[in-house]
Amino acid sequence: MIKVVRIGFYALTSCYGCQLQFAMMDEILKFLPKAEIVCWYMLNRDSKEHEKVDIAFIEGSVSTEEEVELVKKIRENAKIVVAVGACATQGGVQSWDDRPLEELWKTVYGDGKVKFEPKMAEPVEKFIKVDYKLYGCPPEKKDFIYTIGTLLIGTWPEDIDYPVCLDCRLRGNPCVLIEKNEPCLGPVTRAGCDARCPSYGIACIGCRGAIGYDVAYFDALGLTLRKKNFTKDEILDRMRIFNAHNPKLEEMVNKIFEEGE
Ligand code: SF4
Ligand code: SF4
Ligand code: SF4
C-alpha cells in the first residue's frame, strides 16, 4: 500500500468544471493527511506540472498539439492516469461538431490568431493509456471520493456497468420517455448520477457516455425509443453531443433500430 500518495490534477481544454466540482468538496480535506498535491493549479499557483506523481487526474480534451505533448509527459510521470469527465473520456461537447477544423475555427474565431497549434478535440485515451475513467459532465463528487479512496487504500475502483434507467427506477421517477415522449438516453447511458436529469423531469442527454449494447436497457426501455417513433438519426445526433468519440455509439444505436427498418 502506498503511504502518502502524490497527486496531480491537470487541465487540458475544458471549462474547469470537473476540477471545480472536486476542489469545492469539504471531503477533500480528509484526504490531505494521506495525499500530497503536487500539481493542481486551481488550488496552488506554485504547482509543479512535470514532477512524478502516483495518480494523475486529467480533465479536458486534447485540443492542441501542445496538449498532445503534455499528456504524454503526464503519462511518463504518473503510475496511474485517471481521465476525468466527458471531455477527457469522450472528447466532450467540443468534439461534437465534426466539420473540418479550419471551418470551425473560422466560425468561432474568424481571422483570430493564437500562440498555440489547435487541432480537433479528442479524448485523452487517443494518445496515452488511461487506467481509469470518471464519467459525467462533471462527474459526481462521490465518483471522485470513491476513486481516490479506493486508490489511497491500495485497491481498485470498479466500473459501472448498468444504465441510468436502473438508478431512475430505484428513485421511483416517472419515466419521461414513456409519459412525456421525451428522447431520454437513460437506457443507453452509463449510470452513476442517480438519474440526475430525469429526477427533475428532464430527459437524459448521455453525458456519462454510451454504455454498450451488451448491458443497455434494451428490453425494458431502449426499444421504446423506436416505438415512440424517434428516428435513428435523431437518437444518433443526440448521443453524439457527448459521445462523438465513443466507439460503442454506432453499435448501440444500430441495435435499437436494427429491427423494423
Ligand atoms: S466534462 Fe463537463 S464539467 Fe468537466 S471540464 Fe468538460 S465540460 Fe467542463
Ligand atoms: S428512459 Fe429516462 S426517464 Fe425513463 S426510466 Fe430510463 S432514465 Fe428514467
Ligand atoms: S441523467 Fe444523463 S445527462 Fe443527466 S447527469 Fe445523468 S448521465 Fe448526465
Note to self: Taking 8 Å as the Cα distance limit and 6 or more residues as the minimum spacing, I'd like the relative contact order of the chain as a percentage.
What the structure shows: 17 percent
Margin query: With just the Cα atoms defining each centre, how far is the range 24-89 from the range 131-202? Give it in Å.
Written below: 23 Å
Notebook entry, point to check: Debye sum, Cα scatterers, the range 164-257, no solvent: what log₁₀ I/I(0) at q = 0.25, 0.26 1/Å?
Noted result: -1.42, -1.54
Next item on the list: Determine how large the accessible area of Y135 is when every protein chain is in place; take a 1.4 Å probe and give Å² rounded to the nearest 10.
Entry: 40 Å²
Note to self: Please list the three semi-axes, largest first and in whole Å, of the ellipsoid equivalent to the range 130-181, using sqrt of 5 times the eigenvalues of its alpha carbon gyration tensor.
What the structure shows: 29, 11, 10
Next item on the list: Report the net charge of residues surrounding G172, where surrounding means a beta-carbon distance below 14 angstrom and charges are Lys +1, Arg +1, Asp -1, Glu -1.
Entry: -1
Next item on the list: Quick one: of K52/K115; K3/K73; K133/K248, which pairs are farther than 19 Å apart, Cα to Cα?
Entry: K52/K115; K3/K73
Next item on the list: Provide the net charge surrounding A23, with neighbours chosen by a C-beta distance below 12 Å and charges set as Lys +1, Arg +1, Asp -1, Glu -1.
Entry: -2
Item checked: Cysteines in the chain that, by Cβ-Cβ distance, have no pairing candidate under 4.7 Å -> C15, C18, C39, C87, C165, C168, C175, C184, C193, C197, C204
Check: Comparing C184, C175, C204, which has the greatest mean-square fluctuation in the GNM of the chain with Cα pairs linked when under 10 Å apart?
Finding: C175
Check: Where both partners of a DSSP beta bridge lie in the range 46-149, what percent of those bridges are antiparallel, to the nearest 5?
Finding: 20 percent
Margin query: Could you give me D for the chain, from Stokes-Einstein at 20 °C and 1.002 mPa s, where the hydrodynamic radius is the Kirkwood radius over C-alpha pairs? Units µm² s⁻¹, please.
Written below: 110 µm²/s
Checklist line | Antiparallel DSSP beta bridges within the chain, percent to nearest 5 | finding: 20 percent
Note to self: Return the Rg/Rh ratio of the range 48-165 with Cα-based radii and a Kirkwood Rh.
What the structure shows: 1.03
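The values are calculated or read from the model by the stated rules, or taken from the named source; none is laboratory data. Note that this is a predicted model, so its numbers are computed, not measured. Cβ sites come from the backbone with ideal geometry, for glycine too, and all protein chains shown count toward neighbours. Surface accessibility is based on the protein's heavy atoms, side chains included, excluding ligands, DNA and RNA. Shrake-Rupley method; radii C 1.70, N 1.55, O 1.52, S 1.80 Å.
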